[in-house]
Amino acid sequence: MTQRSDRAVGITHALFAYGIWGILPIYLWFTRPTGTVELIAWRVLLSVVFCAAVLLITRRWARFTALLRDRRTVLLLALAGVLVLGNWLLYVWSVELNKPLEGALGYYLNPLMSMLFGMLVFGERLRPLQVLALGLAVAAVVVLIVGYGSPPWLSLSISITFALYGVVKKAISGRVDPVAGFMVETVMVTPVAVVLLALVIAQGSLTFGTISPGHTVVLLFAGVITSLPLVLFASASAKLPLIEIGFFQFLAPTLQFIAGLVLFREHMPVERWIAFGIVWVALTVFVTDMVRNLRASRNLVVPTPGA
């Protein structure tokens, strides 16, 4: 696969991953009254089932077993599993509290964190328009801090945990099959999911199979809606710079923002509107830069060997 087609696949996978994450609040709306702890447990357990089925159907199970023999990679994937589990807990909790805009804000801030870690960890460099976009993102954070009177800790925690998850995935990208890698991640945190589910059952608050057949079917899709975007994200991470991966994150919180207003009718004070507006301008600047860069790369003439 050429660099250009590889990049196109990365962009496509990133768009689909963040698009699915963007409609996640709608999915969570239909899982009510299932609580955060039970839902997270099902997301982990059903993700293991989904990934195992995909690996068996595509005859890639050997890639999973081979990964288990690589101690360093397993440890990194375990760290990724812990980070994404924490991210899920924080975001689902924000929706359960009827504050999905807090979660959307966290994912809007994630590009800032991704660019920061991209520069610090991988030595990635920003182009001029990306510097402008980063400056606008910082301005949005300042507006929110002034408006809140204190840092938005829930939003910051969501953005930091997922940005760190991206760092780990980027560090092992290229040598780990996306599905097999995510299978290892979920297997490593499965004991935590089992304990969480046991606590829910002990408290007599289990909703799976007790509300209605439709509700049970919706919960059964927790594995697909959890695994598919993360597998696509892993694939995109292997093909795109972390800086660009970070900015695709704008798609998800924009959709979450709409869901927060329409479904959850969350209050939007003036400072939030200002901050969201600044972030949307930053997105416009980034997309402009990305389009210009793509066009420039297409115009490059690559000499053939011996020419």
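Some values worked out for this structure:
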item: Per-q log10 I(q)/I(0), the chain, q = 0.07 Å⁻¹ (Debye; single scatterer per alpha-carbon; no solvent); result: -0.28
item: Of Ile23, Ile11, Ile145, the one that fluctuates the most in a GNM where the chain has Cα springs shorter than 10 Å; result: Ile145
item: Nitroxide proxy distance, nm - points 7 Å out along Cα→Cβ at Val146 and Trp61; result: 6.0 nm
item: Percent accessible area from carbon and sulfur atoms, the range 184-285, protein chains only, probe 1.4 Å; result: 77 percent
item: 20 °C / 1.002 mPa s Stokes-Einstein diffusion coefficient of the range 1-130, Kirkwood radius on C-alpha pairs, µm²/s; result: 121 µm²/s
item: Whole-angstrom gap from the range 32-64 to the range 110-138, using each part's C-alpha centre; result: 33 Å
item: Convex hull of the range 129-239 built on C-alpha atoms - directionally averaged projected area, nm²; result: 10.8 nm²
item: Mean Kyte hydropathy of 0.0 or more with a Cα span along the axis of at least 18 Å, helices from DSSP in the chain; result: 3-22, 36-57, 71-96, 100-122, 128-148, 153-172, 178-202, 222-239, 270-298
item: Net charge of neighbours whose Cβ lies under 12 Å from the Cβ of Thr34, counting Lys and Arg as +1 and Asp and Glu as -1; result: 0
item: Separation in nanometres of the label points that stand 7 Å from Cα toward Cβ, at Val262 and Arg32; result: 1.6 nm
item: Accessible surface of the range 69-115 [probe 1.4 Å, protein heavy atoms]: carbon and sulfur percent; result: 63 percent
item: Heavy-atom accessible area per residue - the chain, 1.4 Å, Å²; result: 46 Å²
item: Stretch gain in nm, segment Leu126-Ile274, where the contour uses 0.36 nm per residue and the Cα spacing is subtracted; result: 50.8 nm
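The values are calculated or read from the model by the stated rules, or taken from the named source; none is laboratory data. All of these numbers come straight from a predicted model, not from anything done at the bench. Cβ atoms come from the backbone with ideal geometry, glycine included; neighbour counts cover every protein chain shown. To get the accessible areas, we keep the full protein, side chains included, count just its heavy atoms, and leave off ligands, DNA and RNA. Shrake-Rupley method; radii C 1.70, N 1.55, O 1.52, S 1.80 Å.
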